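Throughout, read-outs are computed from the coordinates displayed, never taken from laboratory work. As the structure is a computational prediction, the values presented were derived from the model and not from experiment. Counting neighbours? That spans all protein chains shown, and the Cβs are built from the backbone with ideal geometry, glycine included.
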Amino acid sequence: DHAVQVSNASMVFNAGTTSEVAALSDVDLTVDPGEFVSLIGPSGCGKSTLLRLVANLLDPTAGTVSVNGKPADQARLDQDYGMAFQKSGLFDWRTVSKNIELPLELKGWDKKRRAERAAEMLELVKLPDRGNHMPWQLSGGQQQRIAIARALAAHPPLLLMDEPFGALDEMTREHMQAELLQICAATSTTVVFVTHSIPEAVYLSNRVVVMSPGPGRITDIIDVDLGQH
Ligand code: ADP
Ligand code: ADP
């Protein structure tokens, strides 16, 4: 099975109104297991929309999306992937550790294992002393690191990331990029990664999908195989 298969997908927002936007038209994207694919392109070209279709946060207006050979909604129910987006999406009523443990709870891990894994993930993102804090007590960049820790906690075979390092300073970003590459190499994790940074895409990926808004906002996709990894 493909890790991700998007076929003939279109996404029209506010269809039939004066604010109609065709964000994606007839897009195909296939990602094989173990690939690290970046989606790049200018602001507004539809990168986030495409990733949100894969994550089943949006339903396409036409076309199909499957993940691990399953319909996207089933893959979401089965917790087949971890997600980290620009906005951290942490739950404000849960401590940092309890946020990281959430996917582990959904997978039925027992309390002791969850706590151990959360501590390990806090080490990875270099925030070992923040487990008992509330998310709003952390800076934007620290919140983003916790969201990455949560995305990685359950060892998902697929990661969906939308500018996950956007709020990080240069040093922390390089640390997180290196950790991500190491995790992917060690565990054959598949990644679909949205960025508007060409250097970041080239550094991290083995395939870059370049999206450009064409006439009438039809999105063109150019596939570049970097042949690394
Ligand atoms: P990118 O991630 O490449 O910056 P997006 O996927 O966020 O692009 O947006 C693609 C287009 O879809 C943009 O024109 C944007 O304004 C529009 N869009 C995205 N989300 C919505 C939404 N929820 N409602 C209406 N329009 C949207
Ligand atoms: P784009 O339109 O390219 O998707 P945005 O307008 O969403 O970009 O974001 C502009 C900049 O702000 C980006 O460099 C992004 O990394 C950063 N950014 C977006 N969301 C956050 C956030 N929650 N915390 C910190 N930085 C953010």
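Quick notes on this one:
- Cα-projected label distance for Asp78 with Thr64, points at 7 Å along beta-carbon direction, nm: 1.5 nm
- Taking all Cα pairs closer than 8 Å and separated by 6 or more residues, the relative contact order of the chain comes to 28 percent.
- Length gained on full extension, Glu105 to Asp32, computed as 0.36 nm times the residue gap minus the Cα-Cα distance: 23.5 nm.
- Highest-first packing order for the peptide set 121-129, 48-56 is 48-56, 121-129, based on the mean count of other beta carbon atoms within 10 Å.
- Close amide H pairs (under 5 Å, H built 1.01 Å from N) link Met83 with Leu160, residues at least 5 positions away or on another chain.
- For the chain, with +1 on Lys and Arg beta carbons and -1 on Asp and Glu, the positive-most of Asn56, His2, Leu226 along the dipole: Asn56
- Cβ-based net charge around His2, under 14 Å, with every Lys or Arg adding one and every Asp or Glu removing one: -3
- A simple count of charges around Glu200, restricted to other residues whose Cβ falls under 15 Å of its Cβ and scoring Lys, Arg +1 and Asp, Glu -1, yields -3.
- Contour minus Cα-Cα distance for Leu226 and Glu20 (0.36 nm per residue): 70.6 nm
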